[in-house]
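S.K.: Just passing along the structure, written as structure tokens.
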Amino acid sequence: MSEHLEKLIEAARKREMSQAEKEAQRRSFAYGNAHIENDRVTRAMVDRAADKIGTSQG
């Protein structure tokens with residue numbers, strides 16, 4: 001692995017994600033998993049479901 005890549009990985013390990021970034025990642029993960037099972041699932045559907053249950057989960 002190159003030294004530059006090692007430095008980037010180390011910096012990423014130390015970086016804390018904002019709540020907005022965590023929520024975006026959570027929704028992306030949910031979409032990816034749901035879409036694998038059912039290709040009719042859209043990001044908009046995941047967003048509506050997440051908005052409905054709120055972000056206080058977890």
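Just so it is clear, none of the values below were taken in a lab; they were calculated from the coordinates. Only a predicted model underlies this, so the values are computations on that prediction, with no experimental measurement involved. FYI the Cβ positions are ideal-geometry reconstructions off the backbone, even for glycines, and counts take in every protein chain you see.
S.K.: Does region 11-47 hold any residues that are exposed (fewer than 11 other Cβ atoms within 10 Å of the Cβ), assigned to a helix (DSSP H, G or I) and of a type in the set (Lys, Arg), and which are they?
M.R.: Result: ARG13, LYS14.
S.K.: Among the residues of region 48-58, write down those that are part of a loop (DSSP other than H, G, I, E, B) and either surrounded by 10 or more Cβ atoms within 10 Å (Cβ to Cβ) or within 15 Å of the chain's Cα centre (by Cα) (or both).
M.R.: THR55, GLN57, GLY58
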